[in-house]
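**Student:** Here's a structure for you.
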Amino acid sequence: MAQPNIVIDTPQDQPRDQPAELPAPDVERPRDADHPPTHVRNAIPAIPNGYTPYPSKSIFKEPDEDFPEYAERIFSQFLVFTVPSYLQHYVTGAEPDAPKRSQGIAALDGLRGWACLLVFNFHFFFTYTWDTHIGWGFNKQNFGVHKLPIVHLLFSGHIMVAIFFVISGYVLSYRPLKTIRSKSFDQTFSVLSSATFRRGFRLYVPSVVGMFCVFVAVRLGLYNYSNWVVMKGRTVTGTNEQNPIILRTTYIQFWDFYRTLCRLSNFFDWGLYYNNYNPHLWTIPVEFRSSIVLFVTILGTSRFTTRVRVSLEALTLWFCMRWGRWEVVLFLSGLLLAEIDLINDIWAPPSPGPLTEKHANAGPVRQFVHRRHDEIWIAVFIFGLWVGSSPNIGYPYTPGFCWLAKITPAPYPEPHRFPQTIGAVLIVASINNCKKIQKLFVNPLSHYLGQISYAFYIVHGPILHGFGYVLMYNIWGITGRETNFQFLAGGFVGWCICLTIALWLADIFWRAVDMPSVKMARQLENKLLNALQT
């Protein structure tokens, strides 16, 4: 039923989300027919029967609500909730959220969002072709434009994981380091304690919920067609990634799911675990244990001077590099970048006067660096993109990357992780230090992708497996895939469809699971702290 438009004029000091409270006589006073009021301040107009201007948002039944009304309200709330967050104000009539001022470190959120989108590209295409792993000119062939350095980043996922880890190391280190530099060691302890307590909830709660959704989908038969495509469809000609195994009974399937969760939560196992329900979540235990190493490193070096602390952190990074622990190297690289940026105070508001005088008395090299600051960091950014384009397979034999093989530490279990580490560090450092590059990552689209990035990372795999495999099998059944044009035309159509659905579900998952899990961890921490204090 269409609801009438009712305008309520509230006092200036009345909260907008609360109804104006008035004495009953003021509302019910009869009007003078000769002088009809055109504006009555603080008055609520007559409300038609059955209309509630402030409907309850609770999912539970209200005492004065009958079941049909309750069912209608819940169904309406569900429909509104499924609308993407950036469109909900068109449905509800509420004011859209004011755009936030994105400055400084917020650019890293935008970078994370775009990196997650490129991971989606990688996982979409690497199932159907090996071109995502191979660089331009490898084995004196493979000369496609899409394999050129930098262009290849559009379909290369491993460098994006490196960027994720560097950003995590930077963001997790930034606040503790600020308290250390201000000598607020009690606050340092509180910040590290809180971060350590909440880290597991932040990483594992959304992941477990996402995997449980896959478990339910498997038992509902939503993966039956997908598994047939993998085994007999002849379209999965690239990386045959793990698909959920469909077991005979729900009971057996549940215990398989339980054992999968147990192994996923075993962060003491330093191997990479690709589970059948969502293999992309191999990064979760890697992130957790690397975060713990990061927190321990910050705590252990917190009382030293800046010079000693940075030296110890660099030695720890070298030690991890010496033993091939590339994931910890990435987190500690983020820590060192945060240290350097705080030393240089790059996030402080600019003050042109003193800086100009300071550099006027500097040597010619420092004056040149100051004058060409943006150009230098743009060059570093482009070089980082080039090095980060190092292919996953055969980079020692790929033109433009052979020299990187000579500096890669021998203990690295996956040698391509080393040049991609260099590329990720250079990319993050250049974004932090160049306002012109930051503009690429602080716009509303980048901000939105950054907000939903973790939810997008969790849901995109099940979408590509459960729906994408079937979709591409049927699309290529129509277009064919014998020629490059047919392959790309069908791939583009499928990519658009899968991306749209994945972003939509990521938006819902972000609001339904991701944000509540963050809030839950914070509330649980506060309740436990209050319980100990009473």
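**Student:** Rounded to the nearest 20 debye, what is the charge dipole size of the range 410-534 about its Cα centre when +1 sits on each Lys and Arg Cβ and -1 on each Asp and Glu Cβ? If you can, show how the numbers build up before the last one.
**Tutor:** Details: 9 positive and 5 negative charges, 91 e Å.
In total the dipole reaches around 440 debye.
**Student:** Sticking with this one: Given 4 °C and 1.567 mPa s, compute D for the range 166-208 with the Stokes-Einstein relation, Rh being the Kirkwood radius over Cα pairs; round to the nearest whole µm²/s. Write down the numbers at each step before the final one.
**Tutor:** Details: Rh = 11.2 Å.
After rounding, the answer is 116 µm²/s.
**Student:** Can I ask one more? Mind giving me the FRET efficiency for residue 240 and residue 497? R0 is 22 Å, r the Cβ-Cβ distance, nearest 0.05 is fine.
**Tutor:** Calculated transfer efficiency: 0.50.
**Student:** Excluding residue 304 itself, what net charge comes from residues whose Cβ is under 13 Å from its Cβ, given Lys and Arg +1 and Asp and Glu -1?
**Tutor:** Combined, the nearby Lys, Arg, Asp and Glu give +3.
**Student:** Just the Cα atoms of the range 196-335: what Rg and Dmax do they give in Å?
**Tutor:** Cα only, the range 196-335: 19.7, 63 Å (Rg, Dmax).
**Student:** What distance in nm lies between label points placed 7 Å from Cα along the C-beta direction at residue 65 and residue 250?
**Tutor:** The answer from the label model is 2.8 nm.
**Student:** Hey, another quick one. For the range 394-534, with every protein chain kept in place, what is the accessible area per residue (1.4 Å probe, Å²)? Mind dumping the intermediate values first?
**Tutor:** Values: 6630 Å² over 141 residues.
It amounts to 47 Å² per residue over the range 394-534.
**Student:** With a 1.4 Å probe and all protein chains left in place, how much of the accessible area of the range 460-527 comes from carbon and sulfur atoms, in whole percent?
**Tutor:** Within the range 460-527, the accessible surface is 72 percent carbon and sulfur.
**Student:** Largest first and in whole Å, give the semi-axes of the range 250-308's equivalent ellipsoid, each being the square root of 5 times a Cα gyration tensor eigenvalue.
**Tutor:** After diagonalising the Cα gyration tensor, the semi-axes are 36, 10, 7 Å.
**Student:** Relative contact order, percent, of the range 381-534 when contacts are C-alpha pairs under 8 Å separated by at least 6 residues?
**Tutor:** Values: 105 pairs, mean separation 28.8, N = 154.
Over the range 381-534, the number comes to 19 percent.
**Student:** Right, next: Leaving ligands, DNA and RNA out of it, rank 321, 520 by accessible area with a 1.4 Å probe, largest first.
**Tutor:** Most to least solvent-accessible, the answer reads 520, 321.
**Student:** Cα gyration tensor of the range 384-497, axes a ≥ b ≥ c as square roots of the eigenvalues: rounded (a/c below 1.5), prolate (a/b > b/c) or oblate?
**Tutor:** In terms of gyration-tensor shape, oblate.
**Student:** Using only the Cα atoms of the range 71-215, what are the Rg and Dmax in Å?
**Tutor:** Answer for the range 71-215, Rg first and Dmax second: 21.5, 66 Å.
**Student:** Another one. Using only the Cα atoms of the range 449-495, construct the convex hull and provide its projected area averaged over every direction, in square nanometres to one decimal.
**Tutor:** 3.7 nm²
**Student:** Provide the per-residue ³J(HN,Hα) series for the range 81-90, in order, calculated from phi with Karplus coefficients 6.51, -1.76, 1.60 and θ = phi - 60°, each as a whole number of Hz, with x at glycine and proline positions.
**Tutor:** Taking θ as phi minus 60°, the curve returns 5, 6, 6, x, 4, 7, 10, 5, 5, 6 Hz for the range 81-90.
**Student:** Then there is this: Using a 1.4 Å probe, how large is the accessible area of residue 184, given in Å² and rounded to the nearest 10?
**Tutor:** Ignoring ligands and nucleic acids, residue 184 comes out at about 40 Å².
**Student:** So, one more: So for 73, 112, what's the accessible-area order with a 1.4 Å probe, most first?
**Tutor:** Final ranking, largest accessible area leading: 112, 73.
**Student:** Using only alpha carbon pairs under 8 Å that are at least six residues apart, calculate the relative contact order of the range 234-310 and give it in whole percent.
**Tutor:** 26 percent.
**Student:** Still on this structure, please answer the following. Considering only protein heavy atoms, what per residue accessible area in square angstrom results for the range 222-325 with a 1.4 angstrom probe?
**Tutor:** Per-residue value: 56 Å².
**Student:** Heavy-atom accessible area of residue 345 with all protein chains present, probe 1.4 Å, nearest 10 Å²?
**Tutor:** Solvent-accessible area, nearest 10 Å²: 90 Å².
The values are calculated or read from the model by the stated rules, or taken from the named source; none is laboratory data. Quantities reported herein were computed from a predicted structural model and do not represent experimental measurements. No Cβ is skipped: glycine too gets one built from the backbone with ideal geometry, and neighbour counts run over all protein chains shown. Remember, those area values only see protein heavy atoms, side chains included, never the ligands or the DNA or RNA. Shrake-Rupley method; radii C 1.70, N 1.55, O 1.52, S 1.80 Å.
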